[in-house]
Amino acid sequence: MSASARLVTTLAGPLESATAGFPGERCLPGRTLILQSDDTQLAAYDLAAALAGEASVARFPLPWPRRFGTCTVSPGLDVAVFAGVHAVRAVDRRGATLWEVRHGCWEGSCREMHASFDEYGEPGEHTDSRGHLYADSGSVVFSADGKLVWAHVRGPLAAGGGDPEVIEEWLVLDATDGTVLGRADTQTVAAGSGHVSHPDPGQMGLSVGEGQDGAPLLWGR
């Protein structure tokens, strides 16, 4: 049995810069969002609106260069959350910080609790090693209804709580203020991760890449 494909239409990515990454998608119940970032901004639009010629691009200033972590946007395109090397940070379209959850450094051998990306990202005490310049990373995503943020982070949390010996944690955060509502030890040592969204806002999957050791898939409820 064979199948043929045909081109239906083409759409430009929200960013035209030659330095931007490839566009990605965020699938929601009945909707798909298109996201793309370069080193200065994250841009997103609703795919159905774009196909109808009515797309309005939401833009968010990046708190750090895009290669240091991952990002996501809320279903309403009014909030972006960035999973960085030392913190999970939510910002509005102006780039103002709405909340931040600081966590351990994603450079595996570093035990410092970095206070800001400037401390981490500028040449100096911490970045003279290749490990800091090419650190591992976690990931972050909104629940389908936009009320929760699921985040895979390096432990421990700056705010304390939980087991200080846990290497990596999976957090459920209140999307309004970043309050930790739930947490679990992933028992992983990640090079990177990605969330697997579910239409039920109370469920989420997490795929953790551990290099040659495999890619465990976790399911949270």
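The listed residues Ile167, Ile34, once ranked by accessible area (1.4 Å probe) with the largest placed first, stand as Ile167, Ile34. Taking GluC sites (Glu not before Pro) across the range 168-212, none is in a DSSP loop with at most 10 further Cβ atoms lying within 10 angstrom of its Cβ. Each peptide in 43-50, 198-205 receives the mean, over its residues, of other Cβ atoms within 10 Å, and ordering these scores from highest gives 43-50, 198-205. Unpaired Cys in the chain, meaning no second Cys C-beta under 4.7 Å: Cys27, Cys71. Each of the peptides 18-25, 155-162, 104-111 was scored by the mean count of other Cβ atoms within 10 Å over its residues; in descending order, highest first, they stand as 104-111, 155-162, 18-25. Taking the square roots of 5 times each eigenvalue of the Cα gyration tensor of the chain, largest first, gives ellipsoid semi-axes of 29, 20, 18 Å. Pair-distance distribution P(r) for the range 107-221, from all Cα-Cα distances in 10 Å bins starting at 0: 13, 41, 35, 11, 1 percent. Beyond 13 Å, the tail of the calculated P(r) for the range 62-109 holds 55 percent of the Cα pairs.
The values are calculated or read from the model by the stated rules, or taken from the named source; none is laboratory data. These numbers were taken from a predicted model, which means no experiment stands behind them. Glycine also receives a Cβ, built like all others from the backbone with ideal geometry; neighbour counts cover every protein chain displayed. Protein only, heavy atoms only, side chains kept; ligands, DNA and RNA dropped before computing areas. Shrake-Rupley method; radii C 1.70, N 1.55, O 1.52, S 1.80 Å.
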